[in-house]
Amino acid sequence: MCRAVGKAGNVLGDSLDAVRDFLRRQLAPDGGFQGKDGSSDLYYTVFGLEASLALNFELSPKLIDDYLAGFGAGESLDFVHLASLVRCRANMADFHGGQIPVAVREAMMRHLQEYRSSDGGFHTTQSVAKGSAYGSFLALGAYQDLQVGCPDVEAMVASVHGLQMPDGGFSNEPAMATSATTATAAAICVLHYLQRPAPASAVRWLLDHAHPLGGFTAITFAGGAGIPDLLSTATALHAMALVGAAAESMREKHLDYLDSLWDPQGGFRGHWADDTVDCEYTYYGLLSLGSLAP
């Protein structure tokens, strides 16, 4: 993902400086990046920090280090924010040319295990029977960022496979009866990084959810293609790039769709009806562009 976001700089051309300026404005005085309410937010800091580093935006490392240090090893954080902290700490450790301290890393791993589901996957809620595609995707990314192997890989693989639907796509949770683009992309990514083949039916499902005008829709809509959104587009394009699924035939349409979400202030909106530009969706725009780059 970091490499793909970095490649977006080659596609942006003269707009690269506008993105850097936007990210600069999103950096709060305390060292975090702003969420939708204008105050620093650890979740949004993942996207702002990683995009800034990938695009070589000059940061104030001590300010950001101090902000992240305020969360300790994430003992009080929920699963999503714990994964966010891990990602940010890993990005800053890489920036400094070092590693996350051993004691902090071990504490984070213990906390991660609290979100392991009974079937061997991960979920954003503790003590549940079945894992989710999103939970396993976040957990595996956290273990990668901590530079340790995920325990009991076969159980995670089985948990993810258990989410595949008859139509070839994946649902996020077993109780959900509908395949979703983000869940299918997450499942493909997890299987890829665990060196397991992605089901061809899942890749076809993703390809079938490309909107005729570019971008990807979130789910299957009865009687129509639905409206594409940037989160679905970014996750689908990234997953397809990982497994070498060709998007070349629609590349120009996808680029036109991304251009329709571009805002002159230097970021991306989430969909056609969205007026908000933030770090998260700007990151998704960059990930999409990088995934489409030659």
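The values are calculated or read from the model by the stated rules, or taken from the named source; none is laboratory data. Because the structure is a prediction, the values reported are computed rather than measured. Neighbour counts run over all protein chains shown; Cβ positions are idealised from the backbone, glycine included.
Tabulated results
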quantity	calculated
Residue 198, sole failed condition from (1) in contact with a Cys (Cβ under 9 Å, 6 or more places away or on another chain); (2) more than 25 Å from residue 292 (Cα to Cα)	(2)
Contacts under 7 angstrom Cβ, first residue in the range 156-177 being of a type in the set (Val, Ile, Thr), partner at pLDDT 95 or above and surrounded by fewer than 18 Cβ atoms within 10 Å (Cβ to Cβ), 6 or more apart	157/194; 157/196
Selection from the range 112-123 of residues that are surrounded by fewer than 17 Cβ atoms within 10 Å (Cβ to Cβ) and in contact (Cβ under 8 Å) with a residue 24 or more places away in the chain	113
Residue check, residue 145 of a type in the set (Asp, Glu) and closer than 27 Å to residue 92 by Cα	yes
Residue 261 buried (at least 19 other Cβ atoms within 10 Å of the Cβ), at pLDDT 95 or above and of a type outside the set (Phe, Trp, Tyr)	yes
Of the criteria (1) closer than 26 Å to residue 4 by Cβ; (2) without any contact (Cβ under 8 Å) to a residue 40 or more places away in the chain; (3) acidic (Asp, Glu), which one residue 75 fails	(1)
Members of the range 90-104 that are crowded, with 18+ Cβ neighbours inside 10 Å and either in contact with a Leu (Cβ under 8 Å, 6 or more places away or on another chain) or outside any helix (DSSP H, G or I) (or both)	90, 91, 92, 100
Selected residue (only one of 109, 92 is without any contact (Cβ under 8 Å) to a residue 40 or more places away in the chain, within 21 Å of the chain's Cα centre (by Cα) and at negative phi)	109
Given (1) over 26 Å from residue 35 (Cα atoms); (2) of a type in the set (Lys, Arg); (3) surrounded by 20 or more Cβ atoms within 10 Å (Cβ to Cβ), index of the condition residue 87 fails	(1)
